[in-house]
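Reading through the structure tokens given below for one structure.
Read the figures in this text as sums done on the coordinates, not as results from a lab. Remember, predicted model here, so these are calculated numbers, not experimental data. Neighbour counts are summed over all protein chains in view; Cβ atoms, including those assigned to glycine, are modelled from backbone coordinates with ideal geometry.
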Amino acid sequence: MKDLPKIIPVFPLSNFIIFPKTSVPLNIFEPRYIDMIDDAMKSNKFIGMIQPKKSEKNLIVPQLHQIGCLGKISSFKETDDGRYLIELKGLIRFRIIKEINSDKKYRECEVDFESFQKDLNEKKEDLNFQDLEIIFKDLKSLFEKKGFIINWRALEQQSLNEIINALAMASPFTLEEKQVLLEAENLNIRKDRIAEILNTYSHDSFNNQTLQ
């Protein structure tokens, strides 16, 4: 905990979440986020992923949700056209204390990790695979109806922790629903939240455009 920074650059990405102990690829092309990656690579390689709040007004600087996840750049590649292809590994969730005013093109926040120390534990959470079978069935239906392609055979070779978090990240849920999953205290609660969200969708709603 003592090695974690108090001020971090934040990457507000709508409808996107990352969890501790999961990795995601990112394609960076906006100049301000190219700058952010440059600065991160020169220091501790830390970036905070967080969702902007949904707003009725098109704010130039959107408000941010309070809780996000700190990631560390684990691989980096520059393309011929100047983009960065990075792999970001989730480490620990954070709560924003306040945004920092600076002359940088990207946003920075003072953050606190105190409430999420368990994210750093190496111990796997104990879950019964049978408890997840109905959830997996409903999720498969939802993914298929929305045209999402998931390699389920490969996914089921992973730990239950990785499966639940990977499905939560990739799911065609709304911004608000994904934020609920990110803020769930632990994996068991996250599993229950996924089931609750799925229950809000009837089989008919799988065919409409209400999912973001």
(request) Can you pull the one-decimal nm distance between simple spin-label points at residue 99 and residue 200, each 7 Å off the Cα toward Cβ? (result) 2.6
(message) Once you place label points 7 Å from the Cα toward the Cβ at residue 23 and residue 41, how far apart are they in nm?
(response) 1.7
(message) Check which residues have an amide H placed less than 5 Å from residue 107's amide H, if you skip close sequence neighbours.
(response) 10
(message) Quick check: residue separation of residue 63 and residue 174 times 0.36 nm, minus the Cα distance between them. What number comes out in nm?
(response) 38.3 nm
